[in-house]
Structures are given as structure tokens and as C-alpha cells.
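Please treat every number below as a calculation from the coordinates, not as lab data. Treat the numbers as computed from the prediction; the structure is a model and nothing was measured. Cβ coordinates were reconstructed from backbone atoms using ideal geometry, including for glycine residues, and neighbour counts include every protein chain displayed.
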Amino acid sequence: MLARYKKLELLKILMFCLARYLVFSTQYFVMFFWLIPGLHYADIMMMVCILFFVQSSLPSLDLFDIGIRSVTALFFFKYITDQNTAVVACTASIWLINIIIPAILGSYFVFKLNFFGNTQRT
């Protein structure tokens with residue numbers, strides 16, 4: 001399967017994946033560092049890596065994903081902090097920023113599309 005693609009195309013895809021990972025990791029790092037300033041950056045990044053790994057293997061729908069993300073984050077971050085509310089707030093904020101707001105904005109533009117041309121009735 002991979003033989004169908006050129007090495008440059010695969011490298012480009014890998015760079016996009018790394019950029020996406022860095023953006024999401026940075027979002028989590030900034031939110032946790034802002035909400036729980038006493039945490040060390042190495043602890044935050046280690047837990048975020050574990051969190052991404054576990055969340056990628058758990059099946060969920062995007063709409064109900066907030067509960068799974070929050071419970072998973074609470075399970076892992078309980079080893080480095082006891083501020084459960086801040087962990088849930090961080091996870092919920094990132095879920096809102098990355099999933100809900102783009103979905104709302106996208107639905108506005110989708111509803112403005114005219115799929116069937118002029119549908120005025122005479």
C-alpha cells in the first residue's frame with residue numbers, strides 16, 4: 001500500500017501529522033500551565049503524550065467525546081495533581097476550541113450552500 005506513494009508525499013504527510021501533534025500538545029501544555037501553574041512542564045508533556053495515546057485507542061463520537069476525554073484525563077492526571085476541576089476545565093476547553101466551535105462555524109456555511117440550485121416554487 002505504501003509503495004503507491006512517493007517518499008516525498010509520505011514525508012509531507014508525516015510533517016502534517018507532526019504539526020498537528022505539536023499544535024494539540026501546545027494547547028494542552030498552555031492550558032494546564034495556565035490553570036495549574038505548579039505543575040512541571042515535563043510532567044504535563046508526559047501526561048499529554050499518554051493521554052493522546054489512550055484517547056486515540058478509545059472509540060467515541062465527537063459529540064459525546066467530552067465525557068471520555070475528561071474521565072481519561074482525570075485518571076492520568078490524578079498522579080501529578082489533585083485539582084480535578086482544573087483538569088476537566090482544561091480538557092473541556094480544548095474540546096470546545098477544537099471540535100465544537102469549528103463545527104458551529106462549519107454548519108453555518110453548510111446551511112448557506114445551495115445544493116439543488118434554485119428551488120423556488122411557482
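Filter segment 5-24 down to the residues that are of a type in the set (Phe, Trp, Tyr) and free of Cβ contacts under 8 Å to residues at least 12 places away in the same chain, then identify the one that is nearest to residue 49 (Cα to Cα).
This residue is 16.
Sort through 25, 107 and tell me the only one that's assigned to a helix (DSSP H, G or I) and surrounded by fewer than 16 Cβ atoms within 10 Å (Cβ to Cβ).
Being assigned to a helix (DSSP H, G or I) and surrounded by fewer than 16 Cβ atoms within 10 Å (Cβ to Cβ) holds for just one of 25, 107, which is 107.
Tell me which residues, restricted to segment 61-84, are closer than 19 Å to residue 27 by Cβ and either within 14 Å of the chain's Cα centre (by Cα) or of a type in the set (S, T, N, Q) (or both).
62, 65, 66, 68, 69, 70, 72, 73, 81, 83
For every residue, the table says whether it meets (1) closer than 23 Å to residue 20 by Cα; (2) touching a helix residue (DSSP H, G or I) at 6+ places or on another chain (Cβ under 9 Å); (3) in contact (Cβ under 8 Å) with a residue 60 or more places away in the chain; (4) not in a helix (DSSP H, G or I).
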site	(1), (2), (3), (4)
32	yes, yes, no, no
39	no, yes, no, yes
48	yes, yes, no, no
93	yes, yes, yes, no
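Which of the residues spanning segment 1-22 are within 20 Å of residue 96 (Cα to Cα) and either aromatic (Phe, Trp, Tyr) or surrounded by 14 or more Cβ atoms within 10 Å (Cβ to Cβ) (or both)?
Hit for segment 1-22 is 21, nothing else.
Taking only segment 81-105 into account, find how many residues are farther than 17 Å from residue 61 by Cα and β-branched (Val, Ile, Thr).
The qualifying residues number 4.
Which residues, counting only those in segment 27-60, are under 14 Å from the mean Cα position of the chain (by Cα) and among the aromatic types (Phe, Trp, Tyr)?
28, 29, 52, 53
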